Amino acid sequence: MANFGTERVYQEFEPATRWTSEPDAEILVADLPGFKKEQVKVAVTSTRKLRLTGERPTGGNKWIRFHQEIPVPLTVDIDSVSAMFKDYKLYIRHPRIKTETPQTKPPAPVKPPVVAKPHDQHEAKQSHGSKPNDQLKHDAQQKAGEVKSGKEGLASEPKGTLSSKDHDEKDKVGAKWFEKYKESTGNMVKEAKSKRQLLCNVTASIVLVLLILLYARNAVRSSLVWNSEE
C-alpha cells in the first residue's frame with residue numbers, strides 16, 4: 001500500500017545549459033537526465049527571463065527538482081519562443097528580431113556654386129540687344145586672323161635695300177602726283193583771277209552807272225534852277 005501521508009523530500013538539481021546560434025535564432029540547450037517531457041515547464045517572465053522548472057520522483061518520498069531563470073538576449077523575440085524535448089535535452093528556440101534596414105538613396109552629389117566673374121556679369125548685362133556670344137567670338141577670331149595675316153604680309157616683305165628700278169618708279173609716281181597737284185593749283189588760281197576780274201568789272205559798271213545817275217540828277221537840278229531864275 002502507498003503511504004499518502006508521507007511528505008516529499010526534494011533534492012535540488014541545477015541542469016547544465018548552453019547557448020547555440022543559428023542564422024535566424026538563438027537556441028538554449030538544457031541537459032535534463034531522467035526527466036520526461038511532462039515533468040518540465042518552460043515560461044517567459046515579464047522581465048525578459050526564461051524560467052525553467054521541473055520535478056520527478058527518485059523513489060519512495062524522494063524527489064528531484066530544479067528551478068532556474070536565464071536572461072533572454074535583447075536581440076530575440078520573446079513572443080515567438082518555442083521548446084522541444086528530445087533525448088533528455090530541452091531545446092528552447094529564440095528567433096531573432098527582424099530589423100528592416102531602410103533603403104536610403106545615396107545623397108546626390110552637391111555641385112559647387114557657380115560664381116560669375118565680373119567680366120561675365122558685364123557680358124550678361126549687355127547680352128540684351130547685343131550680338132550673341134558666338135558672333136562676338138567669331139568677330140574676335142576674324143580680327144585676330146586679319147592681324148595675323150597683316151603681320152605675315154609684313155614679315156614676307158623683303159627687308160633689303162631698294163633697287164634703282166624701285167627708286168625710278170617712285171620718282172615717276174612722285175612726278176605724276178606733282179604735275180597733277182600743279183595743274184589743279186593752276187586751275188584754282190586761274191579761277192580765282194577770273195572771279196576777281198569779274199568782280200572788278202561788275203564793281204566798275206555799278207560805279208559808272210551811279211556816276212551817270214548822279215550826273216543826270218545834277219543836270220536836272222541845274223535846269224530847274226535856271227528856269228526858276230528866268
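Please state the charge dipole magnitude for segment 9-95, taken about the Cα centre, from unit charges on C-beta atoms (+1 on K and R, -1 on D and E), reported in debye and rounded to the nearest 20.
That gives segment 9-95 a dipole magnitude of about 340 debye.
How much length would be gained if the chain were fully extended between ARG217 and THR47, taking 0.36 nm per residue of separation minus their Cα-Cα distance, in nm to one decimal?
Value of the extension gain: 45.6 nm.
Take each of the peptides 41-47, 77-83, 92-98, average the number of other beta-carbon atoms within 10 Å over its residues, and list them starting from the highest.
Order by mean packing, descending: 92-98, 77-83, 41-47.
Just to be sure I understand the model, the point goes 7 Å from the Cα along the line to the Cβ. What's the resulting SER205 to HIS67 distance in nm?
16.1 nm
Return the ratio Rg/(2.2 N^0.38 Å) for segment 9-95, where Rg is computed over Cα atoms only.
1.13
Given a 1.4 Å probe, how much area per residue of segment 7-112 is accessible, in Å²?
Per-residue value: 74 Å².
Please compute the modelled spin-label separation between THR99 and SER184, points set 7 Å along Cα→Cβ, answer in nm with one decimal.
That separation, rounded to one decimal, is 10.2 nm.
The values are calculated or read from the model by the stated rules, or taken from the named source; none is laboratory data. All values reported here derive from a predicted model rather than from experimental measurement. Note that we place each Cβ from the backbone using ideal geometry, even for glycine, and neighbour counts take in every protein chain shown. We work out accessible area using only protein heavy atoms, side chains counted, and drop any ligands, DNA or RNA first. Shrake-Rupley method; radii C 1.70, N 1.55, O 1.52, S 1.80 Å.
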